[in-house]
Amino acid sequence: MKRREFIATSAAAAASLTAVGGANAAARAAKQDNAANAGDFKLKYGPHFGMFRHHAGDDLVDQLRFAREEGFTAWEDNGMAGRSAEDQQRCGDAMRELGMTMGVFVGYNGFGRDEFLLNTSNEFQDGLRNHMSNMVQVAERCGAKWCTVIPGNCTQRVEFDYQMANCITNLRAMCEVCEPAGLVMVLEPLNWWRDHPGLFLSKVPQTYLICKGVGSPSCKILDDLYHQQISEGNLIPNIDHAWDEIAYIQVGDNPGRNEPTTGEINYKNVFRHLHRKGYQGVVGMEHGNSRGGREGERAVIDAYREVDSFE
């Protein structure tokens, strides 16, 4: 090939590659713009702090704003009670401004302790009431309606049914504070087989029985479908059986506890079922990102767009 022809051919190829590269870049940008402008999700999926920090940065309110721009209308933060009163108020004000629903924070954590199931003394119950009074203040600042309650670990030193009765008795004491404030304690059964061996609550039917025993609008079920897939499966039938006591849903795929579409749970069917039942609560995204960085964060958003595309 002559030099002049080679230069012309090379220039044309370079121009073609530039055009293709530009088109690819434009396509990637358009994809992100479309994702950001796809509208609100059908259900109130609630991310948590840190899930989108590569896009939004470390500031709490900036993370809320980013999520809202992507179509998320809820949020949750297990650690909200441990944040400063200033941050609680700041996050609550931002969510009210953005029209976002604040989901759960951890209101009582009995991990590694069995006192909740063994002690029903006046002194112990007064401590529970005082604790929940503090949680009511947290909820008022951040705008939360629900808080997670983990009664604690069971023991082999006392018959299980006595522990069940003590659990109900102590929850009733806590409801004395929560009911007037409109705060709903959601009891979360957690799997024994992989993550939380020895915890008292492990299955939805057991938690349903407790809620019926307490008999309060401030004591309901948090149905975490990641945990229940491991503990008992049968996700949709258990949702139906316990429906009148379920106030909150959390999700994560199994195995891996990452975003939907990364494991075995058919979340499109589950979310369709919740939508058809008229579920108006939060679906907490209590899981990790299967991939790191900005790419992994975008994959989480894309996964929710996919499973939220039901009719």
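Since every read-out is calculated from the coordinates, none of them should be taken as a lab result. Everything numeric in this text was worked out from a predicted model, so none of it was measured. Cβ atoms come from the backbone with ideal geometry, glycine included; neighbour counts cover every protein chain shown.
Order of 99-108, 52-61 by packing, highest average Cβ count within 10 Å first?
Highest-to-lowest ranking by the protection proxy: 99-108, 52-61.
Using just the C-alpha positions of segment 225-298 as equal point scatterers, what log10 of I(q)/I(0) does the Debye formula give at each q in 0.14, 0.15, 0.16 1/Å?
Ignoring solvent entirely, the Cα scatterers give -0.45, -0.51, -0.58.
In segment 41-307, if the dipole is taken from +1 on Lys/Arg beta carbons and -1 on Asp/Glu beta carbons about the Cα centre, which of GLY110, GLN137, HIS55 is farthest to the positive end?
So the residue furthest toward the plus end is HIS55.
Would you work out the charge dipole size for segment 41-307 about its Cα centre, treating the Cβ of every Lys and Arg as +1 and the Cβ of every Asp and Glu as -1, and quote it to the nearest 20 debye?
Details: 27 positive and 36 negative charges, 102 e Å.
Taking the Cα centre of segment 41-307 as origin, the dipole is about 500 debye.
Where does each of 85-92, 249-256 land if you order them by average Cβ count within 10 Å, highest first? Let's see the in-between values first.
Numbers: 85-92: 17.2, 249-256: 20.9.
Answer by packing, highest mean first, reads 249-256, 85-92.
Calculate the radius of gyration of the Cα atoms of segment 86-203 to one decimal place, then report Dmax, the largest Cα-Cα distance, as a whole number, both in Å.
Just the Cα atoms of segment 86-203 yield Rg and Dmax of 15.6, 51 Å.
If I model a spin label as a point 7 Å beyond the Cα along the Cα-Cβ vector, how far apart are those points for ARG291 and SER133 in nm?
The modelled label-to-label distance comes out at 5.2 nm.
From the phi of every residue in segment 277-293, what ³J(HN,Hα) in whole Hz does the Karplus formula 6.51 cos²θ - 1.76 cosθ + 1.60 yield, where θ is phi - 60° and glycine or proline is x?
Taking θ as phi minus 60°, the curve returns 7, x, 4, 10, x, 8, 10, x, 8, 8, 8, x, 9, 5, 10, x, x Hz for segment 277-293.
Using only helices, what value at 222 nm comes out for the chain when you add -39,500 (n - 2.57) per DSSP H run of length 4 or more and divide by the total residues, to the nearest 500 deg cm²/dmol?
So the calculated ellipticity at 222 nm is -16500 deg cm²/dmol.
Just the number, please: Stokes-Einstein D of the chain in µm²/s, Kirkwood Rh from C-alpha pairs, 37 °C, 0.692 mPa s. Working shown, then result.
Details: Rh = 21.2 Å.
Reported coefficient: 155 µm²/s.
Exceeding 18 Å between C-alpha atoms, which entries from my cross-link table qualify? They are LYS44/LYS145; LYS42/LYS277; LYS42/LYS268; LYS42/LYS145; LYS220/LYS268.
Exceeds cut-off: LYS42/LYS145; LYS220/LYS268.
With +1 on the Cβ of every Lys and Arg and -1 on the Cβ of every Asp and Glu, and nothing else charged, how large is the dipole of segment 244-287 about its Cα centre, in debye rounded to the nearest 20?
It comes to approximately 240 debye.
Scan segment 180-245 for chymotrypsin sites (Phe, Trp or Tyr not before Pro) in coil per DSSP, keeping those whose Cβ has at most 12 other Cβ atoms within 10 Å, and list them by number.
Here the sparse-neighbourhood loop sites are TRP193.
Tell me which residues come under 5 Å, amide H to amide H, from ILE246 once H is placed; ignore anything under 5 positions away on its chain.
ILE221
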